[in-house]
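The values are calculated or read from the model by the stated rules, or taken from the named source; none is laboratory data. Remember, predicted model here, so these are calculated numbers, not experimental data. Here the Cβ positions follow ideal geometry from the backbone for every residue, glycine too, while neighbour counts run over all protein chains shown. Note: accessible area is taken over every heavy atom of the protein model, side chains too, but ligands, DNA and RNA are not part of it. Shrake-Rupley method; radii C 1.70, N 1.55, O 1.52, S 1.80 Å.
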Amino acid sequence: ALRAIRYELEQFDNIEETRRTQRENWMEWTPSWGVTVGLADLELRYLGRVTTGTGRPGVEWTPVQADVLAAARNDFLLAPEAPLTLQDAWVLTNQLSVSIPVR
């Protein structure tokens, strides 16, 4: 599977009366593989796949910003000031199935 994702951030700072827009896009690729083994009384199946792409958009906080965020966590939602970051990410999925016929 191949998937294209486009993300757009529109941020308004009502106190500073500023606005910014940032656009990001990336591709996710999900190759998969599998094997089936049929035995006399049961069938075993294995399926594996890995999704590669990026994680959720976020920002890199400075230590001072992180302290302010931690102190204000319950009262305020702090808007990010730094550029968005998109870090590489991947998810590995394994599935094993056992089928036993009922007679």
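Some observations on this one:
- Per-residue surface analysis assigns V50 an accessible area of about 30 Å², computed on protein heavy atoms at 1.4 Å probe radius.
- FRET efficiency for L9 and Y46, using Cβ-Cβ distance with R0 set to 30 Å, rounded to 0.05: 0.15
- Estimated vicinal HN-Hα couplings, Hz - the range 4-20 in sequence order (Karplus 6.51, -1.76, 1.60; Gly, Pro = x): 9, 10, 10, 10, 10, 10, 10, 10, 10, 10, 6, 7, 7, 6, 10, 9, 9
- Estimated FRET transfer efficiency when R0 is 30 angstrom, pair D67-N94 (beta carbons, to 0.05): 0.15
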